[in-house]
Amino acid sequence: MQKMTLKMLRVANGLNQKQAAELVGVSTDTWGHWERYQTEPTISMAYHIANKFNMNLDDIIFLPKIAV
């Protein structure tokens with residue numbers, strides 16, 4: 001599977017930022033900060049995001065500078 005950024009993951013699932021934020025239980029601002037790489041989710045939240053989107057954690061790009 002191709003690695004996906006949070007924005008790609010959200011768009012592929014037909015969600016806006018508010019819907020994605022509600023799905024994982026964070027504010028829209030928090031989700032937006034993650035998409036713009038201003039902040040990053042905790043490890044436990046990253047696992048939660050992967051679970052909610054039925055993805056493997058390894059397939060989601062959280063930090064673009066270390067994405068492979």
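From T28, T39, grab the single residue that is of a type outside the set (A, V, I, L, M) and modelled with pLDDT of 95 or more. Walk me through it before giving the result.
Numbers: T39 fails: modelled with pLDDT of 95 or more.
Answer to the selection: T28.
Restricting attention to the range 35-45, does a residue exist that is small (G, A, S) and either surrounded by 14 or more Cβ atoms within 10 Å (Cβ to Cβ) or touching a strand residue (DSSP E or B) at 6+ places or on another chain (Cβ under 7 Å) (or both)?
So in the range 35-45, the residues small (G, A, S) come out as 44.
From what's left, either surrounded by 14 or more Cβ atoms within 10 Å (Cβ to Cβ) or touching a strand residue (DSSP E or B) at 6+ places or on another chain (Cβ under 7 Å) (or both): none.
Taking every residue of the range 35-45 in turn, none turns out to be small (G, A, S) and either surrounded by 14 or more Cβ atoms within 10 Å (Cβ to Cβ) or touching a strand residue (DSSP E or B) at 6+ places or on another chain (Cβ under 7 Å) (or both).
Could you tell me which numbered condition L57 fails, if it satisfies all but one of (1) at pLDDT 95 or above; (2) open to solvent by 30 Å² or more (accessible area, probe 1.4 Å)?
(1)
So A21 clears everything in (1) open to solvent by less than 60 Å² (accessible area, probe 1.4 Å); (2) touching a residue at least 12 places away in the same chain (Cβ under 8 Å); (3) not in a loop (DSSP other than H, G, I, E, B) except one condition, right? Which one?
Here A21 clears every test but (2).
Here's a check for you: in the range 4-17, which residue that is more than 9 Å from the chain's Cα centre (by Cα) and touching a residue at least 12 places away in the same chain (Cβ under 8 Å) is most open to solvent (accessible area, probe 1.4 Å)?
Narrowing the range 4-17 to residues more than 9 Å from the chain's Cα centre (by Cα): 11-17.
Those still in the list that are touching a residue at least 12 places away in the same chain (Cβ under 8 Å) too: 13, 17.
On the way: N13: 79, Q17: 54 Å².
Ranking the candidates gives N13 first.
The values are calculated or read from the model by the stated rules, or taken from the named source; none is laboratory data. Note that the coordinates shown come from a computational prediction; the quantities given were computed from them, not determined experimentally. Here the Cβ is made from the backbone with ideal geometry for all residues, glycine too, and neighbour counts use every protein chain on show. What goes into the accessible areas is simple: the full protein's heavy atoms, side chains included, and nothing from ligands, DNA or RNA. Shrake-Rupley method; radii C 1.70, N 1.55, O 1.52, S 1.80 Å.
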